[in-house]
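Following: one structure in structure tokens, then a few remarks.
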Amino acid sequence: AIESCIANIPNLSDQFLFANDDFFIAKPITEDFFFNKDGYPISRLKLNFHPEKRDENLELYNTRQLFTVDLFYKKFHKKMNFFEHHNIDAFYKPDVLKCIEEFKEEFDKVVHCKFRTPNTVSKMIWTFYSVYIGHSKIRNYYLSKIPLSLRFITKILYKHSLDSNVISVSSKKYNMDK
């Protein structure tokens, strides 16, 4: 519930970062690591290669991720086959507030939960919304770790694994749109 209210912090900047309490930055980084030249967030998510897979034994975290992917698809008819991974997330406050308004019923529900609860929306939907309205692009962290010799094959497999309604992914070192 705390996550869903972060945009209500008084005097919170339009550009803000969200990190859990187990993060530290080990080397100097600049603002352009988190935000593009227009001031919009650079979003880092991991590709979910099995978006249709449902398992009753999934842990709570994955259950919420799948719920969020499905919820976004129902509203905007865009399949976002991505999951959050453990990193520092960048957000643009006006987009977050608009997203919360778009999904008001879901955020009203999650605000009353003391703990993460199955079938409640996760903050990942803020990223989806920012991508959907054109303010952010997703950089798939894992793609940049693939050796150059295998990226072409990965691109083919990636494109064939996604629904045509999926918003494209880009990587700093490799642009999936090309």
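What are the pairs with Cβ atoms under 6 angstrom where one residue, in region 91-112, is farther than 15 Å from residue 72 by Cβ and the other, located anywhere, is in a helix (DSSP H, G or I)? Sequence gap at least six, or different chains.
91/126; 93/7; 97/7; 111/4
Regarding region 109-118, can at least one residue be identified that is assigned to a loop (DSSP other than H, G, I, E, B), touching a Phe, Trp or Tyr at 6+ places or on another chain (Cβ under 9 Å) and of a type in the set (A, V, I, L, M, F, W, C)?
For region 109-118, residues assigned to a loop (DSSP other than H, G, I, E, B), touching a Phe, Trp or Tyr at 6+ places or on another chain (Cβ under 9 Å) and of a type in the set (A, V, I, L, M, F, W, C): absent.
Any residue in region 89-104 that is open to solvent by 30 Å² or more (accessible area, probe 1.4 Å) and among the aliphatic types (A, V, I, L, M)?
Among the residues of region 89-104, at least one is open to solvent by 30 Å² or more (accessible area, probe 1.4 Å) and among the aliphatic types (A, V, I, L, M), which makes the answer yes.
Cβ-Cβ under 6 Å, sequence separation 6+ or interchain: first residue in region 60-72 and within 11 Å of residue 125 (Cβ to Cβ), partner open to solvent by 40 Å² or more (accessible area, probe 1.4 Å). Which pairs?
Sorted first by the residue in region 60-72, then by its partner, the pairs are 67/119.
Identify, from the list 119, 87, the residue that is in contact with a strand residue (DSSP E or B) (Cβ under 8 Å, 6 or more places away or on another chain), at pLDDT 65 or above and among the polar types (S, T, N, Q). Lay out the reasoning, then the answer.
Working: 119 fails: in contact with a strand residue (DSSP E or B) (Cβ under 8 Å, 6 or more places away or on another chain).
The match here is 87.
Could you tell me which numbered condition residue 4 fails, if it satisfies all but one of (1) farther than 18 Å from residue 122 by Cα; (2) in contact with a helix residue (DSSP H, G or I) (Cβ under 6 Å, 6 or more places away or on another chain)?
(1)
The values are calculated or read from the model by the stated rules, or taken from the named source; none is laboratory data. Everything numeric here is computed off the predicted structure, so don't read it as measured data. So basically every Cβ, Gly included, is an ideal-geometry build from the backbone, and we count neighbours across all protein chains shown. For the accessible areas, the whole protein counts, side chains as well, though only heavy atoms, and no ligand, DNA or RNA atoms are used. Shrake-Rupley method; radii C 1.70, N 1.55, O 1.52, S 1.80 Å.
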